[in-house]
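A quick write-up on the structure given underneath.
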Amino acid sequence: MGFSRVAALHLVPLLTRIVLCAVFVPAGWSKIMDKVEFSGPTAATIRSLTEAEKPTSTPVSIRQELTPPSKTARIAAESPLEARRLYGLAVMLHNADLPYPVVLAWLAAATELVGGGLLLVGLFSRLWSVGLGIAMGVAFVLTSLPAIQAAGPFALDVTTFTKASAQLALLMLALGILLGGPGGISLDHAIFGGGTHPARNPRESDPEPEED
């Protein structure tokens, strides 16, 4: 087996998994563990999302729902709020009219943290690559695609171009693990096996048994 084939079957998937782990584990950790300050409409949206999760025994009348909040209530709702970083993602999902934005934000953060870590050792790699690929695809559609559609791909500022390129690159790396597998240096290969044996040359045939 030549070096190029060894690299394709073992080294390239390993390096891909290391890169995905190095990116997604800190990102997931930051979303879950770090707290940041939100203010303005973002803070008001976070308050409404967290209040919606709490059960209430006080019925709300239709009249109260239709009555716009007072200026004092709006100022109080938009006052600075300290919350986990993932609630910023929840606001983005809420603005995109996706259901259960807080649940989806927690799911995305947990997938990045846990999935990125298990990709390093190569356990259930294809499953985690699907989740991380979906996370990057949604991030690209919600953040980078509108800017590309508005300004065009050749008129993007450096920050937006870098972000869009990183999102697409990570999406392609996750797709590579999904389609090509985690490689021979992985727990998946040790536990479940895999088709990493060198392909047999069809021209080569088994030696004919010698006749007595």
(request) Pop out the ³J(HN,Hα) list for region 84-89 in order, Karplus 6.51 cos²θ - 1.76 cosθ + 1.60 with θ = phi - 60°, rounded to Hz; leave Gly and Pro as x. (result) 4, 4, 5, 5, x, 5
(request) With a/c under 1.5 counting as rounded, go ahead and sort region 130-171 into rounded, prolate or oblate using the C-alpha gyration tensor (a ≥ b ≥ c being the square roots of the eigenvalues; past the cut-off, prolate if a/b is larger than b/c, else oblate). (result) prolate
(request) Can you send over the solvent-accessible area of E82, 1.4 Å probe, protein chains only, in Å² to the nearest 10? (result) 130 Å²
(message) As a test question: what accessible area, to the nearest 10 Å², does M92 have when a 1.4 Å probe is rolled over all protein chains in place?
(response) 70 Å²
(request) Would you kindly derive the ³J(HN,Hα) couplings of region 16-25 from the backbone phi angles with the Karplus curve 6.51 cos²θ - 1.76 cosθ + 1.60 (θ = phi - 60°), listing them in order in whole Hz, with x for Gly and Pro? (result) 4, 5, 5, 5, 4, 5, 5, 8, 7, 5
(message) At 0.36 nm per residue, and after removing the present C-alpha to C-alpha distance, how many nm does the segment from D34 to Q149 gain when stretched out fully?
(response) 38.2 nm
(request) Compute the distribution of all C-alpha to C-alpha distances in region 95-189, in bins of 5 Å from 0, and list the percent of pairs in each, rounded to whole numbers. (result) 2, 13, 20, 19, 16, 14, 9, 4, 1, 0
(message) If R₀ is 35 angstrom, what is the calculated FRET efficiency for the pair D157 and S4, using the beta carbon separation as r and rounding to 0.05?
(response) 0.35
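The values are calculated or read from the model by the stated rules, or taken from the named source; none is laboratory data. Just so we're clear, the structure is a prediction, and the values are computed from it rather than from any experiment. Cβ sites come from the backbone with ideal geometry, for glycine too, and all protein chains shown count toward neighbours. Heads up: the accessible areas ignore ligands, DNA and RNA and are worked out on the full protein's heavy atoms, side chains in. Shrake-Rupley method; radii C 1.70, N 1.55, O 1.52, S 1.80 Å.
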